[in-house]
1. Name the residues in the stretch 128-175 that are aliphatic (A, V, I, L, M) and out of contact with any helix residue (DSSP H, G or I) (no Cβ under 8 Å at 6 or more places or on another chain), would you?
2. Within the group 66, 74, which residue is modelled with pLDDT of 85 or more and open to solvent by less than 20 Å² (accessible area, probe 1.4 Å)?
3. Kindly indicate whether any position in the stretch 64-73 is out of contact with any strand residue (DSSP E or B) (no Cβ under 8 Å at 6 or more places or on another chain) and closer than 21 Å to residue 172 by Cα.
4. Would you list the strands (runs of 3 or more DSSP E) that sit entirely within the stretch 84-166 and hold 1 or more residues that are exposed (fewer than 15 other Cβ atoms within 10 Å of the Cβ)?
5. (1) at pLDDT 90 or above; (2) under 14 Å from residue 11 (Cα atoms); (3) of a type in the set (Asp, Glu): which one isn't true of residue 167, the others all being true?
Amino acid sequence: MSQPHDLYFFVRLPPQAADRAFGLLRSLGLPPCPKRGAQMRKDGLHITVEKLGRFLDGVPGRQIELAMAAACTLAAEPFDIELDVVQSTTGPSGQSMAHLTGRKAGLRGIRGFERDLALAMRRVGFDERQIRRSFSPHVTLDYRHEPFDPRDIEPLAWRVSEFMLVDSLYGLSQHDVLARWPLVARQQSFSDW
């Protein structure tokens, strides 16, 4: 049987944010459906910035080369992110999933980063169909969950200082990091004067 692989650019939650996000549904009294629950692993919590395609039995080398080229040409600075809403959404298959997301101001940095990454992908020759047309930043907490109304939470915030290219083995919750790139502040701070 063939194993599907998804190629992603994503940002991972730092340990403290992941600890809080991991227990969030239960602390809100929203445990997964007992027979269908598929909670994300704590070390796998992330925001997918770009999904570069699904491939059977491995990602073609040319796709990895293009992704590496795009990432290497990207000049992006660290940014802050703030997530303060837990909600359920229904996917194309009809199953409900639980997500952590945020309001406009808390997502400004990651939206700008995604725009810059998409431009870099275009510059190196990615097919337009491989670049997101819309972007709704979120962290998937549970792949199968009973629907619930959105809930405000105390903000979960952190500074994003790196992004990565990941080969995700579909359905196995396995994310193999192929490369990482730091986000580097290029503006001199006032404390440097």
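The values are calculated or read from the model by the stated rules, or taken from the named source; none is laboratory data. Bear in mind that the values here come from a model prediction, so they are computed numbers and not experimental data. Don't worry about glycine lacking a Cβ; one is built from the backbone with ideal geometry, like all the others, and counts go over all protein chains shown. In case anyone asks, the SASA skips ligands and DNA or RNA and just uses the protein heavy atoms, side chains included. Shrake-Rupley method; radii C 1.70, N 1.55, O 1.52, S 1.80 Å.
1. Narrowing the stretch 128-175 to residues aliphatic (A, V, I, L, M): 131, 139, 141, 153, 156-157, 160, 164-166, 169, 172.
Listed by number, the residues that qualify are 164, 166, 169, 172.
2. Numbers: 74 fails: open to solvent by less than 20 Å² (accessible area, probe 1.4 Å).
None of the other options fit; the residue is 66.
3. No, because not a single residue in the stretch 64-73 is out of contact with any strand residue (DSSP E or B) (no Cβ under 8 Å at 6 or more places or on another chain) and closer than 21 Å to residue 172 by Cα.
4. On the way: elements: 96-101, 139-142, 151-160.
The qualifying strands (runs of 3 or more DSSP E) are 151-160.
5. (1)
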